[in-house]
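Since the structure comes first, as structure tokens, the remarks are kept for the end.
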Amino acid sequence: ILDNSGSMSLDMLGRIPTGGCGIDNKTSPDNNFVQQTLNSLPVPFSASGRARFLRPPQGGLSPFHRRWYHARDLLRHWATVYGILGLDPYVYLLNRQPGWGTKCRLSIMESIFALPPQGGTPMPQALMSAIQDHAQECNETTLLLLGLTDGEANDMVYFNRVLDEIQNLLYGDVQICLLGLSLIRKDIEWFENEECDETRVRTIEAFEVEDRQIQLREVAPKEGGYNYAMHTYRGLVTNFFPADYDYEAPLQNFRHRVYITIHGRDRWWAIQNNIYWCVCSQLFCSACFLATGCHGFGWCQGNECGKCQCPDMLRGDE
């Protein structure tokens, strides 16, 4: 599922490239801006001193390229793998393109990137289109959906409902892996939240963020470095493993599992009932968060002290 909304024409930091609307254009390099963006992300107290000395990873694509450019690079690498396997999967687009509509084969993906991205982000509609097509063709087999997107969907209520239905096996053995193409803090936090809430929905954040998490040891250790090639192909195999055993997934413990189980049920009821959303999800959860000292500065949420997840109401989210 390829996000071809208008925001994909921006660079990874949300800036507009200069020199025209070509896919190869990029913004002026500003490594200090990248460093500031990564340093603004929350870290546990135990790693706060080390975090100041972390530097953006070497190798990979420049974050000053358009997100559309990054998406093309990923699909080119994936197309090589699928070609070796003798497969030519469909690419679902969020917005209709002249000549292709909202679906075409991966083998003609270069034609997609010949046009600039435009439109909104109807991600849940694209998910449902892919799920329905799979149900008609081969409903008994596992469906792995790879999504390239830079942030939240237009209708987050509908999107969250679709994810919950997938988590509850309403559509059979469906798994989703969302790959982030943004270095904006709000988008990064959204991806982290989706990873925590759903075990059949995995997320892979931007290369710079994933490398940073590994350096901070927020993931299980692995010998060797995390390079861009691993990051590129990781999405093709991540969903073959249970969430708790993906070595790149955030470390989990009993406290974390209890918290996300309660949080997942709370979100489900909030989607079903507006009164519950207002009274419990907003007022009660916010009051509980403050009364318990930000859930023990994140400890009760399964994190190290100092890295806590604030309720939507306190963050000012809609």
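The values are calculated or read from the model by the stated rules, or taken from the named source; none is laboratory data. Quantities reported herein were computed from a predicted structural model and do not represent experimental measurements. Please note: Cβ atoms are built from the backbone with ideal geometry, for glycine as well, and neighbour counts cover all protein chains shown. With ligands, DNA and RNA removed, areas are computed over all heavy atoms of the protein, side chains included. Shrake-Rupley method; radii C 1.70, N 1.55, O 1.52, S 1.80 Å.
Summary table below
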quantity: Protection proxy ranking, peptides 170-180, 86-96, 129-139, average beta carbon neighbours within 10 Å, highest first; calculated: 170-180, 86-96, 129-139
quantity: Computed P(r) (all Cα pairs; the stretch 28-178; 5 Å bins; percent); calculated: 2, 7, 14, 16, 16, 15, 13, 9, 6, 2, 0
quantity: Sorted peptide list for 230-238, 1-9, criterion being average Cβ within 10 angstrom, highest first; calculated: 1-9, 230-238
quantity: Sequence of Thr203, Thr18 from largest to smallest accessible area, 1.4 Å probe; calculated: Thr18, Thr203
quantity: Net charge over other residues, Cβ less than 9 angstrom from the Cβ of Ile23 (K, R count +1; D, E count -1); calculated: +1
quantity: Surface accessible to a 1.4 Å probe, Trp268 within the full protein complex, Å²; calculated: 80
quantity: Tail fraction, Cα-Cα pairs, the stretch 88-149, threshold 16 Å, whole percent; calculated: 46
quantity: Per residue solvent-accessible surface (Å²) - the stretch 132-187, probe of 1.4 Å; calculated: 46
quantity: Pairs of Cα atoms farther than 12 Å apart, the stretch 149-194, %; calculated: 65
